[in-house]
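A short write-up of the structure that comes next.
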2 protein chains.
Amino acid sequence: MTAQSSRTLVKNLAALEDGPVTVSGWVETVRDQKKVQFVVLRDESGAVQLVNPRTEETEAVAASISGLAQGSFITVTGELKHDERVKLGGIEVKLATLEVVAAAIPETPISDETGIDKRMDWRFLDLRRPEQNLVFRVQTTLEHAWRTYWVEHDFIEIHTPKLMASASESRAELFEVDYFDGKAYLAQSPQFFKQMAQPAGFGKVFEVGPAFRADPSFTSRHATEFTSVDSEISWIDSHEDVMKLHEELMVAGFTAVKEKHGDEIKALFGVDIEVPTTPFPRIPLAEAKEIVASRGYVVPRDDADMDPEGERQIAAYVKETFGHDFVFLTDYHASIRPFYHMRHADDVTLTNSYDLVYNGVEISTGAQREHRVEVLIEQAREKGLDPEELEFYLDFFRYGVPPHGGFGMGLSRVLMLMLHQTNLREVVYLFRGPTRLTP
Amino acid sequence: MTAQSSRTLVKNLAALEDGPVTVSGWVETVRDQKKVQFVVLRDESGAVQLVNPRTEETEAVAASISGLAQGSFITVTGELKHDERVKLGGIEVKLATLEVVAAAIPETPISDETGIDKRMDWRFLDLRRPEQNLVFRVQTTLEHAWRTYWVEHDFIEIHTPKLMASASESRAELFEVDYFDGKAYLAQSPQFFKQMAQPAGFGKVFEVGPAFRADPSFTSRHATEFTSVDSEISWIDSHEDVMKLHEELMVAGFTAVKEKHGDEIKALFGVDIEVPTTPFPRIPLAEAKEIVASRGYVVPRDDADMDPEGERQIAAYVKETFGHDFVFLTDYHASIRPFYHMRHADDVTLTNSYDLVYNGVEISTGAQREHRVEVLIEQAREKGLDPEELEFYLDFFRYGVPPHGGFGMGLSRVLMLMLHQTNLREVVYLFRGPTRLTP
């Protein structure tokens, strides 16, 4: 019998009858008292109290416990006992044997009070906290709900290359790679390649994968590498079709998370997960700026764009007025959107695009794409881009392409806002920033 | 009503009664005859025949058809008619209207006879072939079946960073990135970071994501960027636990593919998908080499490793002897395995490791990892590595870590061998090689 098959996960102990069990995990705390010893053992599923009354018989185990360093991984056998007086889940395990499988060195470099930067240095220890474990179980559930939605709706999953011969978004935030005798660049988004699925006749596609931005800024919500959630669909009439897909995905994801982790999220983060109602409110950006201004905040930007405080204000307005955590800001000015966004037929200063704002922060940008190659070339020129450098991309549109659109969304931003965290670093497995490449 | 909601997918036409329909897709062929015109329209789900008998009434549509360039995307309305004489699915659509949504330029750069390299130049057109479309629907189903298995077995999905401060496998095939004022490297595998999930107490994890190898070789089965399928689990006794997980995953994936695409794979590739039985045959590498030698093939290598012909030979032996398409080659010599593979307790020249060979080609490497830090350091030194450069990785083992192991598998290799293709380029969305960075 292997450890895999003989050990019981902590979360499954409560359902067992009193009797012999084997449990494996790490030592969270030790209380080494004169007459009795207590160890809290945690595994990937929860924590349980181990107890060892000191007698002559239990001396060997007692000595092991006295020498236990916090964080050590151990396998124990003993008698499971249900006892309502035990605070931790109403069960405990009276020890028979204790094996130290891998001893930790006694000094633990971080504690609950340690600041975020040092915790990042010791991320593998930081992730042992139940809150952190929950973050990534929520992430797993969220992604699986999205993928299940996509698969059930006949989307094709693609893996687009992250090595490119040119920029996909802007030359400003581009990482350069030594590529044999030449240069390559890291994809800033799967934009061009997910669009390629449209002339390829794939119809509807999705991808969850890394994207890279050489962004030197140090904010609580930017990273140089992030997980981008992308989808792109054919035969749309406008960005409205993309928003419909987008809100259905959010409902599917939030429903799954609430069902599977709602109680635990409430217990550990104090947050009630709410499944949003559809349709989400939609507000044209120009109108949103007026609303924000009427609340006394004038966005201090020279261009037509929103700013973070403006997003918070419009979200507050939407919450007060519609009781909704999400809002689509639509019809962004062409001057602040990429060349590949389609513009209104009757007003070329506006685009068929949107940002999705959740709990006051932008989590996604979506749009209908311009699929008429002459218009696309014109819009590229207007943005100061050289169409010759975009030849491989422009070819996608020369051999027939259906009208299409899609969105890109930051996975960790969704998690951060869902769990009311204020720093992206708390919800990323291993954060990457301008001065952070390790561990 | 949007195009999204009003159009009918071709695959759904056969189930409809005769009557008015709207269909959107691209022009695969045109037969422009004197008395009647035929167009084969294809969309993401299949192909259907459009028919236009030439009369005075249909002159406008007739003119559109005569001017149609192959590959153009069109939306048509017309009367669906079931007619057993129509070879293509027993249905046709008698045209009422035809709208050219995006005209293709008339010259199509590739044909069915075009060689693979030029087809790669025009991958977005190459992908329109039904075989290619099927490859990526099979990929979608395969991945979703794996992820569903993982999720149902409480694995956590992780996204490990692709930007690293050091090499994860070897310094030889490492891509270097300009990272602000310093350097970063592209991850050759998620090895170190998926192992990090073990001291983090995540228990069981998986990841599907890109990996990068600066491998200058031009074979039919290597790429500089590939999609790596990874899993890592705690509390194993040996690599046997990893192989058990691995074979259960393969069964889950092949079952789903056979069920959803078996008939189509048979029709387009002439391949019968077989769901493998478990357990897969396991043969220690040394024994495999003896078997191969007894068949008359002596592996021409100085080290203890297999070579591609040896893998084909042992696969042929396994197929003849056990009727199985898969074989685990186990217990590789320590000299040809990375420093982090655990060695046998009773013979340190052998590792607790395996390669999985499918249809004669290696698709995966798995192993139990060495989790005792002193042994790990010793093995690193023995391989000529400097433990100081590995400090961040070695720390993972100093604060407690359970025994663990896992595998990494090339997604496209599985697809290639499953569909009896001889070149990886046929089953990768966009191939990347030493001289291939576009499109």
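Among the residues here, A:His324 does not qualify as within 14 Å of chain B (Cβ to nearest Cβ) and under 32 Å from the mean Cα position of the chain (by Cα).
Restricting attention to the stretch B:6-35, and to residues there that are surrounded by 14 or more Cβ atoms within 10 Å (Cβ to Cβ) and without any contact (Cβ under 8 Å) to a residue 40 or more places away in the chain, which single residue is farthest from A:Ile233 (Cα to Cα)? Spell out how you get there, then give the answer.
Quick first cut of the stretch B:6-35, residues surrounded by 14 or more Cβ atoms within 10 Å (Cβ to Cβ) only: B:6-11, B:13, B:21-28, B:30, B:32.
Checking the rest, the ones that are also without any contact (Cβ under 8 Å) to a residue 40 or more places away in the chain come to B:6, B:8-11, B:32.
Numbers: B:Ser6: 15, B:Thr8: 15, B:Leu9: 14, B:Val10: 17, B:Lys11: 18, B:Asp32: 32 Å.
The selected residue is B:Asp32.
Of the candidates A:Met342, A:Met306, the single residue that is under 22 Å from A:Leu376 (Cβ atoms) and in contact (Cβ under 8 Å) with a residue 40 or more places away in the chain is A:Met342.
Test B:Ala267 against the stated conditions and say whether it is on the phi < 0 side of the Ramachandran plot, away from every other protein chain (no Cβ under 13 Å), free of Cβ contacts under 8 Å to residues at least 40 places away in the same chain and of a type in the set (A, V, I, L, M, F, W, C).
yes
Residues of the stretch B:319-335 that are of a type in the set (A, V, I, L, M, F, W, C) and either assigned to a strand (DSSP E or B) or in contact with a strand residue (DSSP E or B) (Cβ under 9 Å, 6 or more places away or on another chain) (or both): B:Phe326, B:Val327, B:Phe328, B:Leu329, B:Ala334. For the stretch A:151-166, the tally of residues that are more than 7 Å from every other protein chain (Cβ to nearest Cβ) and either in contact with a strand residue (DSSP E or B) (Cβ under 6 Å, 6 or more places away or on another chain) or closer than 30 Å to B:Phe397 by Cβ (or both) stands at 1.
Which strands (runs of 3 or more DSSP E) does the stretch A:169-273 wholly contain that include 3 or more residues that are farther than 23 Å from B:Trp122 by Cβ and in contact with a strand residue (DSSP E or B) (Cβ under 6 Å, 6 or more places away or on another chain)? Can you show your working first?
Values: elements: A:176-179, A:182-186, A:204-212, A:225-234.
Because the criterion is at least 3 residues that are farther than 23 Å from B:Trp122 by Cβ and in contact with a strand residue (DSSP E or B) (Cβ under 6 Å, 6 or more places away or on another chain), the strands (runs of 3 or more DSSP E) in the stretch A:169-273 that meet it are A:176-179, A:204-212, A:225-234.
Quick grid of which residues meet (1) surrounded by 15 or more Cβ atoms within 10 Å (Cβ to Cβ); (2) among the basic types (Lys, Arg); (3) more than 30 Å from A:Pro20 (Cα to Cα); (4) within 12 Å of another protein chain (Cβ to nearest Cβ):
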| residue | (1), (2), (3), (4) |
| --- | --- |
| A:Leu80 | yes, no, no, no |
| A:Val93 | yes, no, no, no |
| A:Glu99 | no, no, no, yes |
| A:Asp117 | no, no, yes, no |
| A:Asn133 | yes, no, no, yes |
| A:Gln139 | yes, no, yes, yes |
| A:Tyr149 | yes, no, yes, yes |
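Scanning the stretch A:167-182 for residues that are facing chain B (nearest Cβ under 7 Å) and of a type in the set (A, V, I, L, M, F, W, C) returns A:Phe175, A:Val177, A:Phe180.
For (1) assigned by TED's automatic domain parsing to the domain that holds B:Lys194; (2) under 30 Å from A:Phe73 (Cα atoms); (3) touching a helix residue (DSSP H, G or I) at 6+ places or on another chain (Cβ under 7 Å); (4) among the polar types (S, T, N, Q), each residue gets a yes or a no:
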site: B:Asp241; (1), (2), (3), (4): yes, yes, yes, no
site: B:Lys244; (1), (2), (3), (4): yes, yes, no, no
site: B:Val251; (1), (2), (3), (4): yes, no, no, no
site: B:Ile273; (1), (2), (3), (4): yes, no, yes, no
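Scanning the stretch B:211-224 for residues that are buried (at least 21 other Cβ atoms within 10 Å of the Cβ), polar (S, T, N, Q), within 25 Å of the chain's Cα centre (by Cα) and under 17 Å from A:Thr438 (Cβ atoms) turns up nothing. Residue-level analysis places A:Leu95 among those that are more than 12 Å from A:Leu13 (Cβ to Cβ) and not assigned by TED's automatic domain parsing to the domain that holds A:Arg137.
Against the test of being over 23 Å from B:Gly410 (Cβ atoms) and facing chain A (nearest Cβ under 10 Å), the options B:Asp126, B:Asp121 yield a single qualifying residue, B:Asp121.
The values are calculated or read from the model by the stated rules, or taken from the named source; none is laboratory data. Because the structure is a prediction, the values reported are computed rather than measured. Ideal geometry is used to build each Cβ from the backbone, glycine not excepted, and the neighbour counts take in all protein chains shown.
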